[in-house]
1. Taking a ≥ b ≥ c as the square roots of the Cα gyration tensor eigenvalues, with a/c under 1.5 meaning rounded and otherwise prolate when a/b beats b/c, else oblate, which class fits the stretch 165-238?
2. Given a 10 angstrom Cα cut-off, can you work out which residue in 271, 136, 72 is the most mobile in a GNM of the chain?
3. Can you work out the Karplus-derived ³J(HN,Hα) for every residue in the stretch 116-122? Use 6.51 cos²θ - 1.76 cosθ + 1.60 with θ = phi - 60°, whole Hz, and x for glycine or proline.
4. I need the Kirkwood Rh of the chain: take the reciprocal of the average 1/r across all distinct C-alpha pairs and report it in angstrom.
5. Could you tell me how many degrees, from 0 to 90 and to the nearest 10, lie between the Cα long axis of helix 18-27 and the main elongation axis, the longest principal axis, of the Cα atoms of the chain?
6. Can you give me the distance in nm between label points at residue 180 and residue 252, each placed 7 Å from the Cα along the Cα-to-Cβ direction?
7. Mind pulling the angle between the C-alpha long axis of helix 147-157 and the longest principal axis of the chain? Nearest 10 degrees, somewhere in 0 to 90.
8. Pick out, in residue order, every one of the GluC sites (Glu not before Pro) in the stretch 96-198 that is DSSP loop and has at most 15 other C-beta atoms within 10 Å; say none if there are none.
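Any read-out appearing in this document is the output of simple, stated calculations on the displayed coordinates, not a laboratory observation. All of these numbers come straight from a predicted model, not from anything done at the bench. Virtual Cβ from ideal backbone geometry, glycine too; neighbours counted across all protein chains shown.
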Amino acid sequence: MLNACKCATGPKVAAVTMASVLAISVLAGGNARVGRSAVELQTPRTTYRTASVEGLDIAYREAGPAEAPAVVLLHGFPTSSHMFRNLIPVLADRYHVLAPDYPGFGASSMPSVDEFAYTFDHLADVVEQWLDGLGVKSYSLYLMDYGAPVGFRLATRHPERVQSLIIQNGNAYEEGLQEFWNPLRAYWAEPSAANASALDGFLTLDATKWQYTHGVRNVESISPDNWLIDSALLARPGNNAIQLALFYDYRTNLPLYPQWQAYLREHQPPVLITWGKNDAIFPAEGADPYKRDLKTLEYHLLDTGHFALEEDGAEIASLMLDFLDRRVRTTGK
């Protein structure tokens, strides 16, 4: 039976450790009343590593015990693994958490468009090789924005590796591409200089700030570090061309939607949806169709925007812990 819940409250989570309590307190903007030594000793530590893939340095964040079930966090545009900075310590108390930066994003190498094919197929290739290099053969995937086309490619290539999916504003249905996408559709139809120029507005500081603040309940709760960091990385020489290449290649995702939907119907992976319902980029109309293809779906629309972790990170963290503990950790899937 479908477990559907709009604007759900956080579930009861059994056996939450002090590390999780501390991290969730940070996500919620609270102050944990514990001593300094307790924070240092009990909060899981995130490490910042690099791996070589296709001659590139792929930066990634890692935390948690290596023998625990793996949770791979796939970021969106125009950010990086930085978007998971607060979520990682919550999960790492009992999961092996890994969050890469794609080429051209975050702290990973940024080869030019002449040196590297910036396509979603290629991004998925890099993430797959990175996971293989780390020896990670099964995992749960967190799919957000660009993370959805990357993650669904991994899932359809290796369905046996996927233990579960957490989908947060990650699209796999035509219903999820509405008015926001009209300038991109024009560019897909005719990749002219004029249509390319019309997309420059997506790469400005104001546009990046809008992605973080549109649809949130309290703008003052969203850290400016998000758009300042992302905008600084977008402003690197050559990055504009990288983003334009990915804007154009996004058109290749749409013909794959039926394949991704067939994967969901056939394999029925455990799926948790935690979707910011006020998102203008991937609106809630893109979340609803998952109900057609999944027999069992844990479904939550949250009263926030595109980067839902920034405002509702504590709720998403609680939902994830409860979901993963029931669907992955205790079942051995």
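1. Working: a/c = 2.08, a/b = 1.22, b/c = 1.71.
It is oblate, given that a/c is not under 1.5 and a/b is not larger than b/c.
2. 136
3. 8, 7, 7, 10, 6, 4, 6
4. 20.1
5. Helix 18-27 sits at roughly 40 degrees to that axis.
6. Here the answer is 2.3 nm between the modelled labels.
7. Relative to the chain, helix 147-157 is tipped by roughly 80 degrees.
8. The qualifying sites are 115.
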